[in-house]
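Single-structure report; data block below.
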Amino acid sequence: MNLQKMMSSLAVLLALTACATVQPGMWRQDVLARYGKPSRVLALGAGERLQYSGQPAGQSAVMVDMDAAGRVVSVRQVMTAAEFSRIEPGKWTREEVEREFGRPASVDHVASWPGDIMTYRWRDSTQDMYFFVYLDA
């Protein structure tokens, strides 16, 4: 097994471990003790989301949603085909994509598209993948 495949496997294992060891009902300080400082904290309607993203080099992003009291409501790995399929073309904004998936690995431009192209790195069960979000004006 080459080094890149080993690192990718380790990243997936760590993401799955993150989801398995942080459980609904846990306190915010317990999450921080286990995973450290999140890559981003976002306000939600009645609480907040702690984003733990491996982007730009990693292939995982775990979202930990907290209620207003500081307890975990849900934990999920979002770099999956099922999660990406939730994006509604023509409806979601850049802010909504970043709220659900974190900041992208890169933002690119091509001559044939007038807007930004957000690139997310992820891994399915057998191979490295990229998901592209094309943003228009």
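The values are calculated or read from the model by the stated rules, or taken from the named source; none is laboratory data. Not measured: the values here are computed from a predicted model. Methodologically, a virtual Cβ is constructed for each residue, glycine included, from the backbone with ideal geometry; neighbour enumeration extends over all protein chains shown. Heavy atoms of the whole protein, side chains included, go into the accessibility calculation; ligands, DNA and RNA do not. Shrake-Rupley method; radii C 1.70, N 1.55, O 1.52, S 1.80 Å.
How many residues are at pLDDT 55 or above, of a type in the set (S, T, N, Q) and open to solvent by less than 60 Å² (accessible area, probe 1.4 Å) when one looks only at the range 6-37?
Summing the residues that are at pLDDT 55 or above, of a type in the set (S, T, N, Q) and open to solvent by less than 60 Å² (accessible area, probe 1.4 Å) in the range 6-37 gives 1.
Taking the residues in the range 87-99 that are open to solvent by 50 Å² or more (accessible area, probe 1.4 Å) and either touching a strand residue (DSSP E or B) at 6+ places or on another chain (Cβ under 7 Å) or of a type in the set (Phe, Trp, Tyr) (or both) as candidates, determine which candidate is farthest from Ser39 (Cα to Cα). Explain how you work it out, then say what you get.
Residues of the range 87-99 open to solvent by 50 Å² or more (accessible area, probe 1.4 Å): 88-96, 99.
After this cut, where a residue has to be either touching a strand residue (DSSP E or B) at 6+ places or on another chain (Cβ under 7 Å) or of a type in the set (Phe, Trp, Tyr) (or both) as well, the list is 92, 99.
Numbers: Trp92: 22, Arg99: 12 Å.
The extreme case among them is Trp92.
What tally of residues in the range 100-137 results from selecting those that are farther than 19 Å from Ala82 by Cβ, open to solvent by 100 Å² or more (accessible area, probe 1.4 Å) and not acidic (Asp, Glu)?
Selection size over the range 100-137: 7.
Here's a check for you: in the range 45-86, which residue that is basic (Lys, Arg) and part of a strand (DSSP E or B) is surrounded by the fewest Cβ atoms within 10 Å (Cβ to Cβ)?
Applying the first criterion (basic (Lys, Arg)) to the range 45-86 yields 49, 71, 76, 86.
Going one step further and asking which of them are part of a strand (DSSP E or B), we end up with 49, 71, 76.
Details: Arg49: 19, Arg71: 16, Arg76: 13.
Among those that are basic (Lys, Arg) and part of a strand (DSSP E or B), it is Arg76.
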